[in-house]
Amino acid sequence: MNIGITVYPTYGGSGIVGSELGKELAERGHTVHFISSSLPTRLTKLSERVRFHQVKMMSYPLFEHQPYTLALASMMAKVAETENLDLLHVHYAIPHSISAILARESLKPNHYVPVITTLHGTDITLVGADPSYLPITRYGIAQSDGVTAISHYLKHETEETFQFDDIEVIPNFVCKSEYARHPVEELRASLAPQNEPLLVHVSTLRPVKRPVDCVEILARVLKKGIKTRLVMVGDGSERATCEQRARDLGIFDQCVFVGEQPNIVEYLSVADVLLLPSEQESFGLAALEAMACEVPVVASRVGGVPEVVTDGETGFLSNVGDTDKMAEDAARLLSDEELRRQMGSRARESALARYNTDIVIPKYIEFYEKVLKKKSEAT
Ligand code: GMT
């Protein structure tokens, strides 16, 4: 198949999922055309089967805001026509579905390019549900030729908010060879000079991830007499607040803020516990990636997280903001190596049994075929 994929190139899990999906599809013999404002961060290698088409935007004094949705639609239509795309698959509904629908309609009746939308989370629960975007998000979903959601939770939320239920749940995935714990002694020595156990948090450090809770958890674990350090991977608006809170609590020296990192697996390979205290999480890709690297997860019981992390088996779940309980769980894991090892190995087992690429990528291919078949039968 000839597949067009659009993602947010620089920010968040939906871009990672779309990019990794493209790479996996190319490995299975499909040709993937990424259509985006810049090269998606995980897309380091382009090839004959993985191509990139940059959306260009003309600036004009009249435009207070540049109309990216339209520029994206134009590029999608151009690529669909010149590369004879079989379908357009967009990740995150706003505004990608709308652009794709415009592109599809602009090419009719010469070429019908079906639009598949994958819902990732805040495109439904936060941004899409806001009155300023709700009607157009509903339109984008309803007019798509196929819709998938990354968790049962998100499917349910979409049904509730948009009264739309024709949604296939296709979860996020990990590649078992890429996401595996491997020895990274040098990194461990630099992050834990006295061989302290490490709490690790990986996110875009936005308010919805509640990264400040990680600092609160660290303070409570230290109070219990467990020497540990906190590694914060990623960057975002809350970084300064986290740093300030750590200074206020007098534990700044026990924190390492490493910013955005290209090789997350290395940081997961040194982690003893992953902290994910999010306010909202439709899936929790960071939890899945940690689990694949044998890291037990201490997370909030929100959204799709309980579908990924089994409380008491592969990690521990708590109510949002309950940093006392999260600290208790983290301390329990840090002070019991056998428990940590058992939970870590169960975590990898559980991640690979349900979310390995060999299981999930074929689901996307089957879904594409189903949508294409439905369209060809209708014409
Ligand atoms: O967090 C967002 O605002 C959007 C999105 C993203 O691009 O990171 O996150 C969602 O998609 C991820 C990948 O499918 C999921 O793992 C996250 O749980 C989900 N975030 C939320 O629902 C807050």
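Each row is one residue, and each column tells you yes or no for (1) closer than 19 Å to Ala331 by Cβ; (2) more than 16 Å from the ligand (Cβ to nearest atom).
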{"site": "Ala180", "(1), (2)": "no, yes"}
{"site": "Ala189", "(1), (2)": "no, yes"}
{"site": "Asn195", "(1), (2)": "yes, yes"}
{"site": "Val202", "(1), (2)": "no, no"}
{"site": "Ile226", "(1), (2)": "yes, yes"}
{"site": "Asn263", "(1), (2)": "no, yes"}
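Among the residues of region 150-157, are any more than 16 Å from the ligand (Cβ to nearest atom), open to solvent by 30 Å² or more (accessible area, probe 1.4 Å) and at pLDDT 95 or above? Talk me through it step by step, then tell me what you get.
From region 150-157, those more than 16 Å from the ligand (Cβ to nearest atom) are none; that's our starting set.
Checked region 150-157: no residue is more than 16 Å from the ligand (Cβ to nearest atom), open to solvent by 30 Å² or more (accessible area, probe 1.4 Å) and at pLDDT 95 or above.
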Of the residues in region 174-187, those that are in contact with a Leu (Cβ under 8 Å, 6 or more places away or on another chain) and either over 28 Å from Gly18 (Cα atoms) or among the aromatic types (Phe, Trp, Tyr) (or both) number 1
Selection within region 189-220 - under 19 Å from Glu266 (Cβ atoms), touching a residue at least 40 places away in the same chain (Cβ under 8 Å), open to solvent by 20 Å² or more (accessible area, probe 1.4 Å) and of a type in the set (A, V, I, L, M, F, W, C)
Val202
Within region 166-188, how many residues are surrounded by fewer than 18 Cβ atoms within 10 Å (Cβ to Cβ) and under 26 Å from Asp145 (Cα atoms)?
3
For region 265-278, does any single residue satisfy the condition of being buried (at least 22 other Cβ atoms within 10 Å of the Cβ), within 14 Å of the ligand (Cβ to nearest atom), assigned to a loop (DSSP other than H, G, I, E, B) and modelled with pLDDT of 95 or more?
yes
Within region 240-255, which residues are crowded, with 17+ Cβ neighbours inside 10 Å and either in a helix (DSSP H, G or I) or in contact (Cβ under 8 Å) with a residue 40 or more places away in the chain (or both)?
Cys242, Arg245, Ala246, Gln254, Cys255
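Give the residue, chosen from Lys227, Lys325, that is closer than 29 Å to Glu157 by Cα and open to solvent by 20 Å² or more (accessible area, probe 1.4 Å).
After applying the criteria, what remains is Lys325.
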State the number of residues belonging to region 21-66 that are small (Gly, Ala, Ser) and either open to solvent by 50 Å² or more (accessible area, probe 1.4 Å) or assigned by TED's automatic domain parsing to the domain that holds Gln261 (or both).
2
Residue count for region 344-379, restricted to those that are aliphatic (A, V, I, L, M), under 30 Å from Val113 (Cβ atoms) and in contact (Cβ under 8 Å) with a residue 12 or more places away in the chain
6
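On the given criteria, is Val302 part of a loop (DSSP other than H, G, I, E, B), within 21 Å of Gly12 (Cα to Cα) and hydrophobic (A, V, I, L, M, F, W, C)?
On the way: part of a loop (DSSP other than H, G, I, E, B): yes; within 21 Å of Gly12 (Cα to Cα): yes; hydrophobic (A, V, I, L, M, F, W, C): yes.
Spelling it out, Val302 is indeed part of a loop (DSSP other than H, G, I, E, B), within 21 Å of Gly12 (Cα to Cα) and hydrophobic (A, V, I, L, M, F, W, C).
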If Asp336 satisfies all but one of (1) crowded, with 17+ Cβ neighbours inside 10 Å; (2) free of Cβ contacts under 8 Å to residues at least 40 places away in the same chain, what's the number of the condition it fails?
(1)
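Test Gly121 against the criterion of being open to solvent by less than 30 Å² (accessible area, probe 1.4 Å) and within 11 Å of the ligand (Cβ to nearest atom), and give yes or no. Spell out the reasoning first.
On the way: open to solvent by less than 30 Å² (accessible area, probe 1.4 Å): yes; within 11 Å of the ligand (Cβ to nearest atom): yes.
Spelling it out, Gly121 is indeed open to solvent by less than 30 Å² (accessible area, probe 1.4 Å) and within 11 Å of the ligand (Cβ to nearest atom).
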Taking region 297-314 as the region of interest, how many residues are closer than 23 Å to Pro207 by Cα and open to solvent by less than 10 Å² (accessible area, probe 1.4 Å)?
8
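The values are calculated or read from the model by the stated rules, or taken from the named source; none is laboratory data. Bear in mind that the values here come from a model prediction, so they are computed numbers and not experimental data. As a convention, Cβ positions derive from the backbone with ideal geometry for all residues, glycine included, and neighbour counts pool all protein chains shown. What goes into the accessible areas is simple: the full protein's heavy atoms, side chains included, and nothing from ligands, DNA or RNA. Shrake-Rupley method; radii C 1.70, N 1.55, O 1.52, S 1.80 Å.
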